[in-house]
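See structure below.
The values are calculated or read from the model by the stated rules, or taken from the named source; none is laboratory data. Here the structure is a predicted model, which means the values were calculated and not measured. Here the Cβ is made from the backbone with ideal geometry for all residues, glycine too, and neighbour counts use every protein chain on show. Ligands, DNA and RNA are stripped out before the accessible areas are found, and what is left, the full protein with its side chains, is counted by its heavy atoms. Shrake-Rupley method; radii C 1.70, N 1.55, O 1.52, S 1.80 Å.
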Amino acid sequence: MKPGGFQQWLKDTMGLDASTIGPTVVERAVASRMTACGCKQLAEYWQALRASPLEQQELIEAVVVPETWFFRDTQAFSALSETYGLHWAVTHPGDRLRLLSLPCSTGEEPYTMAMALQDAGFPLERLSIDAVDISERALAKARRGLYGSNSFRGRELQFRERHFTTVAGGWQLPETVRSRVNFIQGNVLDVAFLPGEAVYDAIFCRNLLIYFDADTQIRTVGILKRLLRPQGLLFVGPAEAGLILSQGFASAQLPMAFAFRPPRADSGVAVSAAMLATTASALAGAAAKATTVKAIAKPRPLARPAPSASPVPTVAESAEALLDAAQRLADNGDFDRAAGSCQAYLQAQGPSARALYLLGLIEGAKGRNELAEDYFRKALYLQPQHEETLMHLALLLETRGDAAGGRVLRLRAQRSRRTAG
Ligand SMILES: C[S@@+](CC[C@H](N)C(=O)[O-])C[C@H]1O[C@@H](n2cnc3c(N)ncnc32)[C@H](O)[C@@H]1O
């Protein structure tokens, strides 16, 4: 058994991509668990791990990153309370606001959600927060509601005086706030994870996806889509915003909150690779011959049967179909093929703001923000009022702390919308 085997096991079990925390962290965790179990050889520990769910949990506990604090990225909580404060309670009489914090770690995030809403006048008895984490140890601390100074960071700490009582060993949250949060031990990758659909008005899934590889990220976003109400809000960490945009979510336009609205139910239809290949090669042929191409179906709408005598699409229509297909591949996380078809389009058709914008989204989703920015800027050079590009570039600038640059682009996007409307 090689150390890489443990990395693979952690990836398969909890989604952890060891490269995000450094492989030596996993090696140290395995070494420490071997000592605790009295195992001398890796192979011996491997057997012990496979045989014991308790030991599996111990290894997971040894690698998780429980870093969190109250009001972390505070604008997210302002956005939550502005969206669902007293106004929501009044306009939704009798409804209960259902929120999810996944992962909740030691509880600071879900408790902050409750405190922010209480401060905004929301009646706590109508609030219900599910808070999930894979770590039993983190959840045990969360349930106690007793925190030390490491959970309070930054200078804005007035909330501590308002909500906590000073006790020996730290600050204690009152039962009124604690009782709103239902802590649940769970692994987001379990097949039976949180059954049900469209259950939550808002989901906080912050600083989890950064530890996953691309496939696991997309799988997890699929779960979030299932759990979020159609009009709901998904909050992610600053480094996770690009990924969420690439999955069809739209910015909720709440400054620095990294909040997103889910894609419409009909917008995520997969396009088969065969169809894309057909379209791409037909387009290349068509561009070479400067003639029309035969019988290339546009991917949208897929649900309706094709009319028996459909007109033959023009080269331009076929080219757009290629980009539609690229968009859907990107929506489904097939970034390489999506990028390939954008490049094929650019080769055949020349510069295009939409193709460059899509390439920007794809690079952003892969975490290559500099390349993404480059593509977005090229798209704006071609089409200065391209609204989606303006919004995505704004978000990218804000993510790296350039709030002023982001604001300028958002204003441009607003003007472009007004002009279009
Ligand atoms: C950095 S904390 C994020 C806490 C909080 N959301 C925040 O942003 O402050 C990451 C948490 O993810 C949890 N975690 C890691 N993999 C998980 C999985 N597969 N399912 C559920 N929770 C997981 C860890 O136990 C850890 O508590």
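Residue count for the stretch 398-414 satisfying the condition of being free of Cβ contacts under 8 Å to residues at least 24 places away in the same chain and over 18 Å from ALA76 (Cα atoms): 6.
Check the stretch 200-208 and report whether any residue there is more than 27 Å from PHE249 (Cα to Cα), away from the ligand (no atom under 12 Å from the Cβ) and aromatic (Phe, Trp, Tyr). Taking every residue of the stretch 200-208 in turn, none turns out to be more than 27 Å from PHE249 (Cα to Cα), away from the ligand (no atom under 12 Å from the Cβ) and aromatic (Phe, Trp, Tyr).
Scanning the stretch 65-104 for residues that are open to solvent by 10 Å² or more (accessible area, probe 1.4 Å), free of Cβ contacts under 8 Å to residues at least 60 places away in the same chain and more than 14 Å from ARG180 (Cα to Cα) yields SER81, LEU86, HIS87, TRP88, VAL90, THR91, HIS92, PRO93, GLY94, ASP95. Within the stretch 1-30, the set of residues being more than 13 Å from the ligand (Cβ to nearest atom), in a helix (DSSP H, G or I) and open to solvent by 50 Å² or more (accessible area, probe 1.4 Å) comprises PRO3, GLN7, GLN8, SER19, PRO23, THR24, GLU27, ARG28. Elements of the type strands (runs of 3 or more DSSP E) sitting completely within the stretch 164-252 and holding at least 1 residues that are among the acidic types (Asp, Glu) and surrounded by 20 or more Cβ atoms within 10 Å (Cβ to Cβ): these cover 200-205. Going by what's in this entry, would GLN172 be described as modelled with pLDDT of 95 or more and within 25 Å of ARG219 (Cβ to Cβ)? No, not satisfied. Collect the residues in the stretch 117-162 that are free of Cβ contacts under 8 Å to residues at least 40 places away in the same chain and either open to solvent by 70 Å² or more (accessible area, probe 1.4 Å) or of a type in the set (A, V, I, L, M, F, W, C) (or both), keeping them in residue-number order. Once the filter is applied, which keeps residues that are free of Cβ contacts under 8 Å to residues at least 40 places away in the same chain and either open to solvent by 70 Å² or more (accessible area, probe 1.4 Å) or of a type in the set (A, V, I, L, M, F, W, C) (or both), the stretch 117-162 yields LEU117, ALA120, GLU125, ALA140, ARG144, LEU146, SER149, ARG155, LEU157, GLN158, GLU161. Exactly one residue out of GLU136, GLU156, GLU161, GLU175 is within 16 Å of the ligand (Cβ to nearest atom), in the same structural domain as LEU124 (by TED's automatic domain parsing) and among the acidic types (Asp, Glu), and it is GLU136.
Taking PHE159 as the residue in question, decide whether it is assigned to a loop (DSSP other than H, G, I, E, B) and aromatic (Phe, Trp, Tyr). The answer is no for PHE159.
Looking at the stretch 366-421, the helices (runs of 4 or more DSSP H) lying wholly inside it that each contain 3 or more residues that are closer than 14 Å to MET256 by Cβ sit at 387-399, 403-420.
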